[in-house]
């Protein structure tokens, strides 16, 4: 992997990419431990999962994948580093087991993303990749800051909701995939989440204006 670790003052070569950040081995492990400790503490607090569940799931999946890739592809890892890989995988599994199950459905639904900030506003018509009760992952051509608040409009229904960008990653085609979480916990997609095998007809429709 080409590049230098993105942590300020670190000159070591990058070994992984975590949430579009290049990290060396030491800072990868450091980031994993710090984030999972943060998640463990947060899971003891009421409402943490409703506000952060999608971001936690994405981070756990990414750090587990990167840790496994590191162990499988880098023959220069020391015994201590291999032990840390195993530790990260076990911690991620333990934290993940404490998250409530969140149903997800692969679905290509036409949507519009809007940033309404004065002087910096933009609008992009795109589509979802996966939808859940608490948010969605969507394709996006723009670089959007994690934590940014946007407006999501469903093409078929015209409904809109405020969302927050909780993660992002680059795609092979040069676009980005954004993980969005609804700012208010409501059944935006209108699905019966108690019946995960039933997906009503939400095929992309003509884009309409939100009320």
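Give the residues of region 38-60 whose amide nitrogen is closer than 18 Å to a point set 7 Å from the Cα of residue 169 in the direction of its Cβ.
Inside the label zone: 53-60.
What FRET efficiency, computed as 1/(1 + (r/R0)^6) with R0 = 22 Å and r the Cβ-Cβ distance, is obtained for residue 186 and residue 97, rounded to the nearest 0.05?
Details: r = 27 Å, r/R0 = 1.23.
After rounding to 0.05, the efficiency reads 0.20.
Rounded to the nearest 500 deg cm²/dmol, what is the calculated helix-only ellipticity per residue at 222 nm for the chain, with -39500 (n - 2.57) per DSSP H run of length n ≥ 4?
Numbers: 3 runs with 63 residues, N = 211.
Helix-only estimate at 222 nm: -10500 deg cm²/dmol.
How high is the relative contact order of the chain, in percent, counting Cα pairs under 8 Å that sit 6 or more residues apart? Kindly include the intermediate steps, with their values, before the conclusion.
Working: 354 pairs, mean separation 33.7, N = 211.
Relative contact order of the chain: 16 percent.
If you rank 48, 188 by fewest surrounding Cβ atoms within 10 Å, what's the result?
On the way: 48 15, 188 20.
Placing the least packed residue first, the sequence is 48, 188.
Distance between Cα centroids, region 30-76 to region 159-192: provide it in whole Å.
19 Å
Evaluate the relative contact order of region 104-182 (contact order divided by residue number), counting alpha-carbon pairs under 8 angstrom at least 6 apart; express in whole percent. Walk me through the numbers on the way to the answer.
On the way: 181 pairs, mean separation 22.2, N = 79.
Answer for region 104-182 is 28 percent.
Beyond 18 Å, what share of the Cα-Cα pairs of region 16-97 remains, rounded to the nearest whole percent?
39 percent
How high is the relative contact order of region 1-83, given as a whole-number percent (alpha carbon pairs under 8 Å, six or more residues apart)? Could you put the intermediate results ahead of the total?
On the way: 63 pairs, mean separation 16.8, N = 83.
RCO, region 1-83: 20 percent.
For region 104-182, report the convex hull volume of the alpha-carbon atoms normalised per residue, in Å³, without decimals. Let's see the in-between values first.
Working: hull volume 7.0 nm³, N = 79.
With only Cα atoms used, region 104-182 gives 89 Å³ per residue.
Taking neighbour counts of Cβ atoms within 10 Å as a proxy for exposure, in what order, fewest first, do 77, 150 appear? Don't skip to the answer; put the middle values down first.
Working: 77 17, 150 24.
Ascending number of Cβ neighbours within 10 Å: 77, 150.
Taking springs between alpha-carbon atoms closer than 10 angstrom, which of 13, 118, 106 fluctuates most in the Gaussian network model of the chain?
Checking each option, the largest mean-square fluctuation is seen for 118.
From the C-alpha coordinates alone, can you work out the Kirkwood hydrodynamic radius of region 29-153, in Å? Don't skip to the end; give the middle numbers.
Numbers: mean 1/r = 0.0593 Å⁻¹.
Over region 29-153, the inverse of the mean reciprocal pair distance is 16.9 Å.
Could you give P(r) for the chain, binned at 10 Å from zero, as whole percent values over all Cα-Cα pairs?
Per 10 Å bin, starting at zero, the Cα-Cα P(r) for the chain comes out as 8, 30, 32, 21, 8, 1 percent.
Where does helix 25-42 land angle-wise versus the long Cα axis of the chain, in degrees 0 to 90, nearest 10?
Tilt of helix 25-42: around 50 degrees.
Exposure proxy check: 140, 10 ranked by fewest other beta carbons within 10 Å?
On the way: 140 20, 10 15.
Taking fewest neighbouring Cβ atoms as first place, the list is 10, 140.
Only the coordinates and a few stated rules stand behind these numbers; no lab work does. Keep in mind it's a predicted model, so treat the numbers as computed, not measured. Here Cβ is always computed from backbone atoms with ideal geometry, including for glycine, and neighbour counts include all displayed protein chains.
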